[in-house]
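Below: one structure, written as structure tokens.
The values are calculated or read from the model by the stated rules, or taken from the named source; none is laboratory data. Fair warning: this is a prediction, and the values are worked out from it, not measured in the lab. Cβ sites come from the backbone with ideal geometry, for glycine too, and all protein chains shown count toward neighbours.
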Amino acid sequence: MLIKKLLAILPAVIAVFSIVPTKAQAQLDSLLPVRGFAIAAPPASYIDSFIQFIEKELAPRQVNTLILRVDYNYQFQSHPELRDSIALSIADVKRIVNSCRNNKIRIIPQINLLGHQSWANKTGNLLAKYPEFDETPEVKMPETYKWPNADSLYCKSYCPLHPKVHNVVFALIDEICDVFETNAFHAGMDEVFYIGSNKCPRCKGKDKAKLFADEVTRIRDHLKQSNKELWIWGDRLIDGYATGLGMWEASQNNTHAAIDMIPKNVMICDWHYERADKTAVYFAMKGFNVVTCPWRNPSLAVAQMKDMINFRIESSKVMKPRFQGMVQTIWSGAPGFITDFYQQKKDPQRGDGTPWNCFKQLYDEINKLK
């Protein structure tokens, strides 16, 4: 009789122990609460391989946050005109969601907002379908893209003061958050070079820092209505001149003062790919939660991870929880990255200095912490 009773409750006991963190897991969570991986959402034809990567590579390495750059790679119902020609269906997304849920990985979908509305000589879907939203319509897309160029064109931006742009943008945010069943959204907002154009009838003469801050705040306020968190890249909030970080990793068009104008409950993704610049401390001292984001330099990523842990250990009780962890960034498509990951393909110039090797070495070190 006793054996039968024990057998009857065994599934419940196993279930409890599967959700109670081990001592080693608790230690890892205390050192690096966020252990992230950021990559473009896969094409529909690659879902099986992507889910396999989640289950065989991300989960065993203790990745607990997946930032997916979706942009228009989803069959939006609210604005079907903005879909990519081959986009993920609801069923495709739910397969990713279920895999992440089963592996205790939080999904944060991303749509690039404000900046990154074009790439090279191609206009992105939003401005292609709604050209009236363009901050700089006088700047025409070139047949062949080169940098630098006479228009200082890197990526197009939408005008944050256009009276109709947020009707579209907020509908996309709501739909993508709902289908991914998430409580957070990543808005991108990095490398915004076109803002407050002197030729824009709405933005001309306005403070660029305030324009940037107001757009962050609008998006945050919209998400707050449904208790969702906003994540953004942090480069526009750093003074590129004072720090010497330049126009890419920081701002040289006067948006940096926005750091004192935006809500403190925005998560900052602080990226540096050449040095272990200590700007995470700057964001934390300003009151923000922050994660450090490496890319393709393995030794640098490990150094940044050690910095993040030291910041948590050596900070006051007020500051400590603001240092949230690490997010490995991938700036190629999922199929190319995963293929190169398994083949351990070397870079012709950088050798082992590749995103896939960076990911492996970073998470090897992270898992040693247990």
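Taken together, 304, 328, 344 contain a single residue that is of a type outside the set (Lys, Arg) and over 23 Å from residue 233 (Cα atoms), which is 344. Give the residue, chosen from 210, 206, that is surrounded by fewer than 22 Cβ atoms within 10 Å (Cβ to Cβ) and either in contact with a Lys or Arg (Cβ under 6 Å, 6 or more places away or on another chain) or assigned to a loop (DSSP other than H, G, I, E, B) (or both). Just one listed residue meets the conditions, 206.
Taking residue 353 as the residue in question, decide whether it is small (Gly, Ala, Ser), out of contact with any strand residue (DSSP E or B) (no Cβ under 8 Å at 6 or more places or on another chain) and more than 20 Å from residue 233 (Cα to Cα). No. For region 39-58, the candidate set comprises residues that are in contact with a Lys or Arg (Cβ under 8 Å, 6 or more places away or on another chain) and surrounded by fewer than 21 Cβ atoms within 10 Å (Cβ to Cβ); within that set, the residue that is farthest from residue 294 (Cα to Cα) is 47. If the condition is being within 21 Å of the chain's Cα centre (by Cα), more than 25 Å from residue 309 (Cα to Cα) and not in a loop (DSSP other than H, G, I, E, B), then region 241-278 contributes 251, 256, 258.
Note on region 213-227: residues that are under 18 Å from the mean Cα position of the chain (by Cα) and either surrounded by fewer than 14 Cβ atoms within 10 Å (Cβ to Cβ) or part of a strand (DSSP E or B) (or both) total 0. Residues in region 40-67 that are aliphatic (A, V, I, L, M) and more than 12 Å from residue 92 (Cβ to Cβ): how many? Of the residues in that region, 7 qualify.
Of all residues in region 221-238, those that are among the polar types (S, T, N, Q) and in contact (Cβ under 8 Å) with a residue 40 or more places away in the chain total 2. Number of residues in region 1-47 that are at pLDDT below 50 and assigned to a loop (DSSP other than H, G, I, E, B) equals 1.
Conditions tested, residue by residue: (1) more than 20 Å from the chain's Cα centre (by Cα); (2) under 25 Å from residue 64 (Cα atoms).
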| position | (1), (2) |
| --- | --- |
| 155 | no, no |
| 162 | yes, no |
| 186 | no, yes |
| 206 | yes, no |
| 234 | no, yes |
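Contact map, region 326-347: first residue more than 19 Å from residue 270 (Cα to Cα) and without any contact (Cβ under 8 Å) to a residue 40 or more places away in the chain, second residue of a type in the set (A, V, I, L, M, F, W, C) and outside any loop (DSSP other than H, G, I, E, B), Cβ cut-off under 8 Å, separation 6 or more or different chains; pairs are 340/356; 344/356; 345/356.
Being over 27 Å from residue 132 (Cβ atoms) and of a type in the set (Val, Ile, Thr) is a description that applies to residue 179. Scanning region 173-203 for residues that are closer than 20 Å to residue 119 by Cβ, surrounded by fewer than 22 Cβ atoms within 10 Å (Cβ to Cβ) and touching a His at 6+ places or on another chain (Cβ under 9 Å) gives 188, 190, 191. For region 76-189, the helices (runs of 4 or more DSSP H) that sit wholly inside it and include 1 or more residues that are closer than 30 Å to residue 52 by Cβ and not polar (S, T, N, Q) are 90-102, 165-179.
For the criterion of being at pLDDT below 95 and either under 30 Å from residue 24 (Cβ atoms) or not charged (D, E, K, R) (or both), residue 89 fails.
Among the residues of this structure, residue 71 does not count as one that is of a type outside the set (Phe, Trp, Tyr) and either part of a helix (DSSP H, G or I) or farther than 18 Å from residue 158 by Cβ (or both). Considering each residue of region 56-67 in turn, none proves to be of a type outside the set (A, V, I, L, M), touching a helix residue (DSSP H, G or I) at 6+ places or on another chain (Cβ under 8 Å) and without any contact (Cβ under 8 Å) to a residue 40 or more places away in the chain.
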